[in-house]
Each structure stands twice: as C-alpha cells, then as structure tokens.
Amino acid sequence: MKRLFFVLICFLTVNLSAQEENSEVNPKEFVQEFFEAFHEQDTVALKSMAAEGLQLQSLTINSEGETKLTTDEFSKFLQSIASIPVDSKFEERLLDFKVEENGPLATVSTPYEFYFNGNFSHCGVNNFTLVKLDNNWKIVHLIDTRQKNCD
C-alpha cells in the first residue's frame, strides 16, 4: 500500500510540474513547440495545442496575383500531416517572429519558407491567434499566406 501511495504521489508531482512548465511557456515558445510537433508529425500534440473550434485558413496567391481564401477543418489538417509518408522530408523554416501579447491574448506572426524533400515549395506568413485557457496557450485562429514568389 505504501508503494502504491508513493507511486501515486510521484505521478501527481510530475503531472503538476509539467502543467506548471506549460503555463510558463510564452507565445513564441508555444509556436516553436507547434512547429516541432508539426515536423515530427505528432498529431496528438498538435491537437492538444488547438482550442475547440479552431479556425484554419489560407490565402493563396497565384502567379497572376489573384488571392483565394480557403477555410479547412483542423481535423483535415491533422489527417494530412499524419498521411505524409515517412520517407518524405518537409520543413517549414521560420524566418522571424513578431509577438504581441496582452494578458490572455496573443498574436504571433512568422514569415516562413516551406521545403519538401529539400526543394523550395512556397513561402508566406503564418499568423497565430492564441488565448490562454486554464493557464495554457491554445490556438483559436491560424491563417497563412502561400505564394511562390517571396520578394
């Protein structure tokens, strides 16, 4: 019985410690963690970072300069990440961070370049809207631009 009690106390201590660490993550670190999970294709971690009802949008700019707005379900995004073959390599290189934080609300903008199997695919800007719920950052809106020419 003492052993069970000891294991339970250790588990609770580790769990509370992990929650405290997450609550101290700033918005920039949170977005960096998002991209670590993205590159690792860790859909469980990605899902845990999303608020219920997360809105996911993209602005695609074609070669004629026309802009198209698309909205996708986050579950489809997770499925697409999970379905990338293990022998394929993808990398979203974040070039900078612009962070604005106001209490439980933050926005993080990150210009990026995307590479697939070592070849440039597209570039743009990610814009995350984050809220702090139960002491943890969650994504409520993620919109990005996608274009071939980034000059």
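Averaged per residue, what accessible area in Å² does the range 18-118 show with a 1.4 Å probe, protein chains only?
For the range 18-118, the solvent-accessible area averages 63 Å² per residue.
Heavy atoms only, 1.4 Å probe, whole protein assembly: order CYS123, CYS150 by accessible area, highest first.
CYS150, CYS123
Would the range 52-151 count as rounded, prolate or oblate if I go by the C-alpha gyration tensor, calling it rounded below 1.5 in a/c and otherwise prolate when a/b exceeds b/c, oblate otherwise?
Because a/c hits 1.5 or more and a/b exceeds b/c, the range 52-151 counts as prolate.
Give the accessible area for LEU56 in Å² (nearest 10); use a 1.4 Å probe, count only protein heavy atoms, and leave out ligands, DNA and RNA.
20 Å²
Of the trypsin sites (Lys or Arg not before Pro) in the range 54-151, which ones lie in a loop per DSSP and count no more than 14 other C-beta atoms within 10 Å?
Values: sites: LYS68, LYS76, LYS89, ARG93, LYS98, LYS132, LYS138, ARG146, LYS148; in loops: LYS89, LYS148.
Sites meeting the loop and neighbour criteria: LYS89, LYS148.
Report the GluC sites (Glu not before Pro) located in the range 21-113 that are in a DSSP loop and have at most 14 other Cβ atoms inside 10 Å of their Cβ, or state none.
Those that pass, being in a loop and sparsely packed, are GLU24, GLU40, GLU64, GLU66, GLU73.
Please report the net charge: other residues with Cβ closer than 9 Å to the Cβ of GLY118, K and R +1, D and E -1. Provide the component values of the computation, followed by the final result.
Details: positive: LYS89; negative: GLU91.
My count for the surroundings of GLY118 gives 0.
Hey, got a sec? Which chymotrypsin sites (Phe, Trp or Tyr not before Pro) in the range 59-151 land in a DSSP loop and have at most 11 other Cβ atoms within 10 Å?
Taking the range 59-151 and a limit of 11 other Cβ atoms within 10 Å, no loop chymotrypsin sites (Phe, Trp or Tyr not before Pro) are found.
Quantify, in whole percent, the carbon and sulfur part of the accessible surface of the range 42-98 (1.4 Å probe; protein heavy atoms only).
50 percent
The values are calculated or read from the model by the stated rules, or taken from the named source; none is laboratory data. A quick note: this is a predicted structure, and the numbers were derived from the prediction, not measured. As a convention, Cβ positions derive from the backbone with ideal geometry for all residues, glycine included, and neighbour counts pool all protein chains shown. Heavy atoms of the whole protein, side chains included, go into the accessibility calculation; ligands, DNA and RNA do not. Shrake-Rupley method; radii C 1.70, N 1.55, O 1.52, S 1.80 Å.
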